[in-house]
Ligand SMILES: [Zn+2]
């Protein structure tokens with residue numbers, strides 16, 4: 001879910017569809033031209049904002065903003081007449097994006113805006129839907145100067161893998177690797193589902209552990225996802241390094257360099273697509289499983305730091321590979337969470353983040369917490385009761401339990417004799433008592449099951 005708009009006609013949601021474009025050589029050259037011009041405008045405006053803002057304020061008596069920079073576009077076009085050859089809206093949107101980047105920076109969400117670089121940030125947007133037309137039946141996209149009008153480049157061939165049922169908002173053209181894509185933003189009306197907090201059942205709550213043995217383990221015991229790069233530092237990294245070296249050795253502006261750049265871009269783009277595919281499939285599968293999905297509230301930044309050596313979470317940072325997997329997956333986790341949240345929201349469900357802590361060290365069967373219970377990345381064997389399970393599955397059950405407690409579907413008093421549920425919501429120290437326990441898929445800890453507070 002991107003943006004929601006509410007008015008008299010109902011509640012609307014913005015959805016994005018990304019389609020691959022198959023431009024002709026002329027169209028691709030035109031795309032490159034637009035991307036170059038928007039980049040120039042963006043970078044020039046960034047320089048103005050970075051170094052000339054004070055002079056501007058003194059001279060004009062007001063601050064630089066999207067509006068003031070937009071008003072200077074005609075003057076810039078006088079100085080650089082080639083800017084007149086590309087659609088004016090795209091140039092304005094570049095300034096709009098810069099403004100958004102600064103807003104994100106000032107409000108603490110992002111780092112200071114960086115200049116856009118060729119091939120890396122080649123994108124431009126058409127915000128006016130009157131200038132854009134989609135023909136999904138024939139697979140054609142019409143843009144300004146890309147249509148049937150005389151002197152135009154003709155419509156762009158593309159492949160729609162999904163029907164767009166809604167009103168068009170904007171179209172962004174992006175270069176990713178060696179391919180071009182169109183991100184089509186459209187608005188659909190959504191049925192408002194009633195808040196689920198009141199009527200959610202325990203079996204509709206699912207816990208997911210983001211692990212190192214398997215990327216995502218659900219509390220019903222299904223391992224999802226795969227490691228895109230199973231041996232970090234080996235094969236793929238070597239190939240990337242070699243491609244990078246080949247590129248660095250080529251003379252600037254040469255054909256050889258262009259080909260080397262294309263090879264590297266293709267290599268990187270492929271990995272990105274694989275990771276995205278993995279995330280999309282895993283998140284879709286989890287979203288189908290339940291209404292409320294419980295995840296650990298992992299702070300990705302501190303996690304990667306811990307993988308570098310400031311060991312904070314000892315139970316998990318068991319091997320160098322674990323740390324590396326974590327570092328490499330960090331982006332994947334963030335994306336997984338975002339996509340899962342969006343997919344759940346679409347069907348009226350929601351994501352629940354619980355504080356991390358001891359979920360991988362606590363025995364789900366008896367509640368005993370011990371770092372030594374985790375034998376390896378995959379194996380968990382309780383030192384108190386001998387309960388054996390896949391380590392990530394055990395963690396996923398604990399995460400689900402934290403979610404149930406948060407939702408008020410489990411009774412915190414059910415944790416008797418030392419299995420404290422701390423104020424943070426995480427598990428504290430537990431009793432060391434040995435006890436017999438058998439555990440079915442999705443089963444509850446004995447103390448909870450016997451207290452009768454949960455109907456599972
Ligand atoms: Zn145990």
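Looking across region 147-163, the residues that are touching a strand residue (DSSP E or B) at 6+ places or on another chain (Cβ under 9 Å), under 25 Å from residue 189 (Cα atoms) and surrounded by fewer than 16 Cβ atoms within 10 Å (Cβ to Cβ) come down to 159, 161, 162.
So which residues in region 169-181 are surrounded by fewer than 17 Cβ atoms within 10 Å (Cβ to Cβ) and more than 13 Å from residue 18 (Cβ to Cβ), if there are any at all? Correct list: 178 only. Every residue in region 342-378 that is in a helix (DSSP H, G or I) and either touching a helix residue (DSSP H, G or I) at 6+ places or on another chain (Cβ under 6 Å) or touching a residue at least 60 places away in the same chain (Cβ under 8 Å) (or both), please. 342, 343, 344, 345, 346, listed by residue number.
The set of residues from region 99-119 being surrounded by 11 or more Cβ atoms within 10 Å (Cβ to Cβ) and over 23 Å from residue 68 (Cβ atoms) comprises 118, 119. Considering only region 359-376, how many residues are crowded, with 19+ Cβ neighbours inside 10 Å and more than 10 Å from the ligand (Cβ to nearest atom)? Qualifying residue count for the region: 4.
Matching residues to (1) farther than 22 Å from residue 340 by Cβ; (2) without any contact (Cβ under 8 Å) to a residue 60 or more places away in the chain; (3) buried (at least 19 other Cβ atoms within 10 Å of the Cβ):
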| position | (1), (2), (3) |
| --- | --- |
| 216 | no, no, yes |
| 223 | no, no, no |
| 237 | yes, yes, no |
| 251 | yes, yes, no |
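Look at region 386-399: where a residue is part of a loop (DSSP other than H, G, I, E, B) and a partner is within 15 Å of the ligand (Cβ to nearest atom), sitting 6+ places away or on another chain with Cβ atoms under 6 Å, you get 387/363; 387/365; 387/437. The helices (runs of 4 or more DSSP H) found entirely in region 9-72 that carry 2 or more residues being assigned by TED's automatic domain parsing to the domain that holds residue 177 and in contact (Cβ under 8 Å) with a residue 40 or more places away in the chain are 25-51.
So, in region 252-283, how many residues would count as being touching a helix residue (DSSP H, G or I) at 6+ places or on another chain (Cβ under 6 Å) and either in the same structural domain as residue 180 (by TED's automatic domain parsing) or farther than 30 Å from residue 118 by Cβ (or both)? Of the residues in region 252-283, 1 are touching a helix residue (DSSP H, G or I) at 6+ places or on another chain (Cβ under 6 Å) and either in the same structural domain as residue 180 (by TED's automatic domain parsing) or farther than 30 Å from residue 118 by Cβ (or both).
The values are calculated or read from the model by the stated rules, or taken from the named source; none is laboratory data. Computed from a predicted model, the values in this text were never measured in an experiment. All Cβ positions, glycine included, derive from the backbone under ideal geometry; neighbour counts span all protein chains shown.
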